[in-house]
Amino acid sequence: MRAVHLTDLDIAARVLAGQGCAACDRLARRMIAFARLADLYRKRTGKPHPRWGAGALQDAARRLGPVTDADARSDAYRSGLAAILKALAEHQDP
């Protein structure tokens with residue numbers, strides 16, 4: 001997976017905000033897994049993965065659901081941000 005920037009976190013949190021809290025942790029882990037796979041594909045082929053993008057977290061997030069207009073004032077956004085930060089903390093890149 002490529003380096004994670006603030007925009008990646010914002011997009012991921014806004015996608016998660018639209019999915020409901022029950023699915024946030026699982027979906028956040030999937031985002032990271034898909035971003036990692038896409039980055040490996042990009043490194044191997046020199047092209048973005050046809051489904052998951054070029055390996056950035058926001059590429060994978062955008063493909064897993066719509067980007068809502070939620071912002072930091074909403075509970076859903078903060079829950080999504082917490083879920084993606086937790087998943088990143090638990091993620092081990094080989």
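Selection within the range 55-69: residues that are among the small types (Gly, Ala, Ser) and at pLDDT 95 or above. The member of this set that is farthest from residue 84 (Cα to Cα) is 55. A Cβ distance below 7 Å, combined with a sequence gap of six or more or placement on separate chains, defines the contacts here; from the range 33-56, residues that are touching a residue at least 24 places away in the same chain (Cβ under 8 Å) and closer than 19 Å to residue 89 by Cβ reach residues that are in a helix (DSSP H, G or I) and among the acidic types (Asp, Glu) in the pairs 35/59; 56/8.
Out of all the residues in the range 39-69, which are part of a helix (DSSP H, G or I) and closer than 20 Å to residue 19 by Cβ? Across the range 39-69, the qualifying residues are 57, 58, 59, 60, 61, 62, 63, 64.
Does residue 1 count as surrounded by 21 or more Cβ atoms within 10 Å (Cβ to Cβ), in contact with a Gly (Cβ under 9 Å, 6 or more places away or on another chain) and either under 16 Å from residue 85 (Cα atoms) or among the polar types (S, T, N, Q) (or both)? So residue 1 passes the test.
Pick from the range 70-94 the residues that are acidic (Asp, Glu) and not in a helix (DSSP H, G or I): which of them is modelled with the lowest pLDDT? Ranking the qualifying residues of the range 70-94, first place goes to 93.
Contact map, the range 66-79: first residue surrounded by 13 or more Cβ atoms within 10 Å (Cβ to Cβ), second residue among the basic types (Lys, Arg) and assigned to a helix (DSSP H, G or I), Cβ cut-off under 7 Å, separation 6 or more or different chains; pairs are 67/14; 68/14; 70/14; 77/14. Could you go through the range 73-85 and let me know if any residue there is more than 14 Å from the chain's Cα centre (by Cα) and farther than 15 Å from residue 21 by Cα. Looking for residues that are more than 14 Å from the chain's Cα centre (by Cα) and farther than 15 Å from residue 21 by Cα, one finds at least one in the range 73-85, hence yes.
The values are calculated or read from the model by the stated rules, or taken from the named source; none is laboratory data. Please read these numbers as outputs of a predicted model, since none were measured by experiment. Counting neighbours? That spans all protein chains shown, and the Cβs are built from the backbone with ideal geometry, glycine included.
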